[in-house]
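Accompanying notes for the structure given below.
Every number in this text was worked out from the coordinates using simple rules, so none of it is lab data. Given the structure is predicted, the values throughout are model-derived calculations rather than measurements. Cβ coordinates were reconstructed from backbone atoms using ideal geometry, including for glycine residues, and neighbour counts include every protein chain displayed.
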């Protein structure tokens, strides 16, 4: 028997911890700790970005910017639907609930793909909302 | 195919697909009856067609689960099936009993059927999803026990893997909870209370174990990821499923006469119920992303990923949508429930059965994977059925929200039937989405008949 035991966590999740953490927070913000999750992402972005590796920076940028854009579109459009349509209008509820559910679920599914990429030490770009990937010269 | 006896799965899979076609035909009939009330009346009244639609779903999924178990258990246990002859005999008994029951629904008045089949001795009929005559229910128990004996003996004599144990746990749970179908107290609240022990503890309890085991098996095979990694995921998923799902039964106990504390228990635990489905989505993507081999059966991989995503959406997201007691106060028993039911059943159970069929059928036919053209056609069927189901769900959700408003929120609430009249547009759109689903299903069946070059089977 060797003295060194294999690091199972590292084997299963070779990606950088910071990248995994920030993408997990992206999902947590959508599902269990809205706003708090975003605040944590913001804190990480401001405090860890400068010293981060290229891959970590990719995930920090993607999670931070997509959270801002996605959150703005999700909440903004939902408010707009109810303000423009009126709370007493059943069609506001039909469109508002369907819109919120579908857009929210789509963000979660892309978040799942993103966290998987982070776990496997791969870069990721959220479709449409994520900033373009940095091109190597 | 590693073991000859795995071949007994094939008739189960073929029958499952045949019954699935029947289920969708009756789905289309009731979809049309929503908008043309006297369509096929009095030959096939709505209540009968709906009963056939839901009962066929249960029967074909059970066929699929049994076929999957007969294929999976010997391979995992690394031994031949205990008794292939018993498996074949049970297939014919189950198919005959199922067919006779459906014919009974269609050709005999339900009251007459009840008195003909012993309902006077022990009244178990007349409850949603458990409409089967007493003799059919007894038949199901006998078939289930013999089936469990067969696969349990196979497991006992061979290798005990986590997948086999989780699958067995799920299947034993399925059989045990079905026994509550025989308990039919006169008190309606008690009746409903225990009725959910069959319905809920099946689909949001033990069936999730079956689903997770089947998904894990296929993912091991198509990705080549180490069994230990997948087994750890499986432990996490089944723990989450049982911890959230068992007390989550409480979300069915709102407003039916049970104590008010169920509103808290039901809300809290069922709000957590999306977590195991979320874990399954992460699991499926993670395993496929870190795959160690490019399996020639691409379409089985697609079904595996689709199962994760659609189960999360249908069971998780659409379940959460109306599971909190203050929301459910308005939405209880509306078309929102139907929307959730359709996508959850499709995503969680239809897709996982089609996934294992997609993986196992080519192997049972002597090849690792089907010809490219057959796979492309099956992928088309995947996308047509899945997109159609998304639209069915969206239209039913829209109908449900409008229904809730008109019937329960508006200052001058409408009666049930008046509100239904206002939903006609959505019901038409749901019907046409159903037609698209049927086209996808026919495409799926057609893919089995496409001939061409196939990847050789390496054992």
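Of note:
- Spin-label pair residue A:83-residue B:149: with each label point 7 Å from Cα along the Cα-Cβ axis, the two points sit 7.0 nm from one another.
- Modelled FRET efficiency - R0 30 Å, residue B:25 with residue B:123, Cβ distances, 0.05 increments: 0.45
- Here region B:345-451 yields Rg over Rh of 1.20, to two decimals, using C-alpha coordinates and the Kirkwood radius.
- Relative to the longest principal axis of the Cα atoms of chain B, helix B:261-271 runs at roughly 40 degrees.
- Cα gyration tensor shape for region B:334-394, rounded if a/c is under 1.5, else prolate or oblate: oblate
- For a label point 7 Å along the Cα-to-beta-carbon line of residue B:157, residues of region B:77-109 with backbone N under 17 Å: B:77-89
- Cβ crowding within 10 Å, taken as a proxy for footprinting-reagent exposure, orders A:18, B:214, B:188, B:61 from fewest neighbours to most as B:188, A:18, B:61, B:214.
- Computed from the Cβ-Cβ distance with R0 of 41 Å, the FRET efficiency linking residue B:435 to residue A:50 stands at 0.10.
- Put the Cα centre of region B:98-124 next to the Cα centre of region A:67-137 and the gap is 51 Å.
- Most mobile of A:84, A:120, A:107 in a GNM of chain A (Cα contacts under 10 Å): A:84
- In this rough spin-label picture, where each label sits 7 Å from Cα along the Cβ direction, the residue B:169-residue A:35 distance is 3.9 nm.
- By definition, a body whose alpha carbon gyration tensor gives a ≥ b ≥ c is rounded when a/c is under 1.5, and chain B falls into this rounded group.
- Taking other Cβ atoms within 10 Å as a rough exposure proxy, B:180, B:41 sort from fewest to most as B:41, B:180.
- Counted residue by residue at 0.36 nm each, then reduced by the alpha carbon distance between them, the extension gain from residue B:446 to residue B:40 reaches 143.3 nm.
- Ascending count of other beta-carbon atoms within 10 Å, so fewest first, for B:355, A:102: A:102, B:355
- Put a dot 7 Å past the Cα of residue B:93, heading toward its Cβ, do the same for residue A:73, and the two dots end up 5.7 nm apart.
- Gain in span if fully extended, residue B:116 to residue B:189, counting 0.36 nm per residue against the direct Cα distance: 23.5 nm
- Rounded to 10°, Cα long-axis angle of helix A:36-48 versus longest principal axis of chain A: 40 degrees
- Shape class for region B:213-313, computed from the alpha carbon gyration tensor (a ≥ b ≥ c): prolate, with a/c not under 1.5 and a/b above b/c.
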